[in-house]
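K.L.:
Mind having a look at this structure? Questions to follow.
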Amino acid sequence: MRIGMVGTGYVGLVSGTCFAEFGIDVVCLDKDEHKIERLKKGDIPIYEPGLEDLVEKQVKAGRLSFTTDLKEAVEGADAVFIAVGTPPGEDGQADMSYVEAAAREIAGALDRYTVIVTKSTVPVGTARVVEKIVREENPKAEFDVCSNPEFLREGAAINDFMRPDRIVIGTDSERAVEVMRRLYRPLYINETPMVVTTPESSETIKYAGNAFLATKITFINEIANLCEQTGANVQDVARGIGLDGRIGSKFLHAGPGYGGSCFPKDTMALTQIGQKHGAPQNIVETVLWVNSERQKSMALRIIDACGGNVDGKRIGVLGVAFKPNTDDVREAPSLQIIPLLQDEGAKVAAYDPAAMEEAAKELEKIEWCKDAYEVAKDADVLVIITEWNEFRALSLGKLGELMKSKVLVDLRNIYKPEDMEDKGFRYISIGRPEIRSSEKSALKAV
Ligand SMILES: NC(=O)c1ccc[n+]([C@@H]2O[C@H](COP(=O)([O-])OP(=O)(O)OC[C@H]3O[C@@H](n4cnc5c(N)ncnc54)[C@H](O)[C@@H]3O)[C@@H](O)[C@H]2O)c1
């Protein structure tokens, strides 16, 4: 079989490469010439564990190629996937201009029966809009439209694509379902559940899924606030409720609020879809508000840790990516928290294993460091914003020696309060009692 992937970003590149691994001939197209040039040279434009090797393997096998020529991607294809961006527009609705442009371009190049698949996350009703656009552009085209949302997570994208919890296929056409089943054959054989439904249900599944997960995170974050006031420990609470099979333990990690390329825009888009259809999504609207307040409150927490004033203080930041194992900083908590600290006069030094180049496009006046210890040097406070593995086992003794004051704000709860106490740190984490007993030793003589 043969497919074209229109849009070679996170989703297009990962899913195109994984389809090639399934034995399908894949042509990945992007309008960004620079990106395609890099890919042709084997230079992967995103940080995603395992992707470089897999791309190299599939290119060598002759199953994966890259182009800017639409005809190359569409002609002879059994299916053409639309995997372009759907960023938030000014009013929070998904900006559909890229999807609509892609549909128009594909229409002109169709030369046989083709399934046009929307893999981008799109508002309910988009499959019908795509169908209308293609029909208008090319009345003779033989095609069906199918919604096939993607659930991969950056940082674990290949595994998520190869071993998904389910595949969702939304179309009215039996013929299109047949093509999709053949494309996903290796997963079908593995008995991966397939939800075959209408385009509207499929499109809703993607938004409802992300909104539910964002709600779960926001819920435990508010419980963490309560724990801080009562002396309870949010990690024990999360474990205690998560072991209930009806609740489940995933997405119950309290932290600085969700960010990333999907949750913020998808929750916002869902509330807009709800408004448009006269079915307000009140819970999700509240989640959006609570989450945005939370990111701001994290900056206040850091200012408090510095005694209420950060003017002229040196704040060390560990991690700027929105989560570990990615260089993506879209809507990352760091982009909210750091400028608020700088507005109060703080000098920020930061390190991230992969995302500094991306973050440097968004953040100003940061002293970018080569590792965590350089960040810690002369810092008044050290803040963990992203829980990269390499931050989990830092030498606390060495950090303490380098820092001006031994104060650690851990927004991801990756250290044990008792270890921090042993090492004489003042330790502020999320939803757990603050370690203050060592405050005197934390304030080193200068
Ligand atoms: N990133 C994720 O983790 C993730 C997960 C699931 C779903 N999604 C959804 O998938 C979609 C794509 O997200 P992404 O993160 O891969 O975006 P991205 O910004 O990384 O990539 C989109 C790519 O599409 C290209 N493009 C735009 N218009 C084009 C056109 N007409 N022809 C050819 N190429 C074109 C852009 O140049 C860009 O390279 C979004 O709707 C997103 O919500 C993303």
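The values are calculated or read from the model by the stated rules, or taken from the named source; none is laboratory data. Fair warning: this is a prediction, and the values are worked out from it, not measured in the lab. For neighbour counting, all protein chains shown are included, and Cβ atoms are generated from backbone atoms with ideal geometry for every residue, glycine included.
K.L.:
With Leu51, Leu70 as the choices, which residue is touching a residue at least 60 places away in the same chain (Cβ under 8 Å), within 13 Å of the ligand (Cβ to nearest atom) and in contact with an Asp or Glu (Cβ under 7 Å, 6 or more places away or on another chain)?
P.N.:
On the way: Leu51 fails: in contact with an Asp or Glu (Cβ under 7 Å, 6 or more places away or on another chain).
None of the other options fit; the residue is Leu70.
K.L.:
Show the residue pairs meeting these rules: Cβ distance below 8 Å; 6+ apart or different chains; first residue within region 2-22 and within 20 Å of Glu75 (Cα to Cα); second residue within 8 Å of the ligand (Cβ to nearest atom) and in a strand (DSSP E or B).
P.N.:
Gly4/Leu29; Met5/Leu29; Val6/Leu29; Gly7/Leu29; Thr8/Leu29; Gly12/Val6
K.L.:
From (1) free of Cβ contacts under 8 Å to residues at least 12 places away in the same chain; (2) surrounded by 16 or more Cβ atoms within 10 Å (Cβ to Cβ), pick out the condition that doesn't hold for Asp236.
P.N.:
(2)
K.L.:
Considering every residue within region 208-216, establish whether at least one is in contact with a Leu (Cβ under 8 Å, 6 or more places away or on another chain), over 14 Å from Glu150 (Cα atoms), in contact (Cβ under 8 Å) with a residue 12 or more places away in the chain and not assigned by TED's automatic domain parsing to the domain that holds Asp144.
P.N.:
The answer is yes, given that some residue of region 208-216 is in contact with a Leu (Cβ under 8 Å, 6 or more places away or on another chain), over 14 Å from Glu150 (Cα atoms), in contact (Cβ under 8 Å) with a residue 12 or more places away in the chain and not assigned by TED's automatic domain parsing to the domain that holds Asp144.
K.L.:
Given the criteria touching a Cys at 6+ places or on another chain (Cβ under 7 Å) and closer than 29 Å to Thr386 by Cα, does Asn159 qualify?
P.N.:
Working: touching a Cys at 6+ places or on another chain (Cβ under 7 Å): no; closer than 29 Å to Thr386 by Cα: yes.
Answer is no for this residue.
K.L.:
For region 1-25, which positions are away from the ligand (no atom under 16 Å from the Cβ) and part of a strand (DSSP E or B)?
P.N.:
Of all residues in region 1-25, those away from the ligand (no atom under 16 Å from the Cβ) come to 1-2, 20-25.
The answer is Arg2, Asp25.
K.L.:
If you don't mind, another one. Condition first: surrounded by 19 or more Cβ atoms within 10 Å (Cβ to Cβ) and either among the β-branched types (Val, Ile, Thr) or more than 24 Å from Pro256 (Cα to Cα) (or both). Now tell me which residues in region 373-399 satisfy that.
P.N.:
Val375, Val381, Val383, Ile384, Ile385, Thr386
K.L.:
Provide a single number: the residues in region 229-288 that are more than 16 Å from the ligand (Cβ to nearest atom) and farther than 30 Å from Ala359 by Cβ.
P.N.:
Of the residues in region 229-288, 28 are more than 16 Å from the ligand (Cβ to nearest atom) and farther than 30 Å from Ala359 by Cβ.
K.L.:
Out of curiosity, is Ala349 more than 21 Å from the chain's Cα centre (by Cα), closer than 26 Å to Phe425 by Cα and buried (at least 24 other Cβ atoms within 10 Å of the Cβ)? Give the derivation first.
P.N.:
Working: more than 21 Å from the chain's Cα centre (by Cα): yes; closer than 26 Å to Phe425 by Cα: yes; buried (at least 24 other Cβ atoms within 10 Å of the Cβ): no.
In short, no.
K.L.:
Within region 284-297, is there a residue that is among the hydroxyl-bearing types (Ser, Thr, Tyr) and part of a loop (DSSP other than H, G, I, E, B)?
P.N.:
We begin by selecting, within region 284-297, every residue among the hydroxyl-bearing types (Ser, Thr, Tyr); these are 286, 292, 297.
Of the ones still in play, those that are also part of a loop (DSSP other than H, G, I, E, B) are none.
The answer is no, given that none of the residues of region 284-297 is among the hydroxyl-bearing types (Ser, Thr, Tyr) and part of a loop (DSSP other than H, G, I, E, B).
K.L.:
Right, next: Could we say that Thr121 is over 22 Å from Glu200 (Cβ atoms), touching a residue at least 40 places away in the same chain (Cβ under 8 Å) and within 12 Å of the ligand (Cβ to nearest atom) here?
P.N.:
Working: over 22 Å from Glu200 (Cβ atoms): no; touching a residue at least 40 places away in the same chain (Cβ under 8 Å): yes; within 12 Å of the ligand (Cβ to nearest atom): yes.
The answer is no for Thr121.
K.L.:
Just to check your reading of the model, which residue among Val84, Val59, Val55 is buried (at least 21 other Cβ atoms within 10 Å of the Cβ) and not in a loop (DSSP other than H, G, I, E, B)? If you could, list the steps in order and put the result at the bottom.
P.N.:
Details: Val84 fails: not in a loop (DSSP other than H, G, I, E, B); Val59 fails: buried (at least 21 other Cβ atoms within 10 Å of the Cβ).
Testing whether each residue is buried (at least 21 other Cβ atoms within 10 Å of the Cβ) and not in a loop (DSSP other than H, G, I, E, B) leaves just Val55.
K.L.:
OK, next. Under 7 Å by Cβ, and 6 or more places apart or on different chains, what pairs join a residue from region 362-387 that is closer than 16 Å to Pro324 by Cβ with one that is outside any strand (DSSP E or B) and among the acidic types (Asp, Glu)?
P.N.:
From region 362-387, the pairs are Thr386/Asp352.
K.L.:
Now, a different point. Looking at (1) near the ligand (Cβ under 10 Å from one of its atoms); (2) in contact with a helix residue (DSSP H, G or I) (Cβ under 6 Å, 6 or more places away or on another chain); (3) at pLDDT 95 or above, can you tell me which one Leu64 breaks?
P.N.:
(1)
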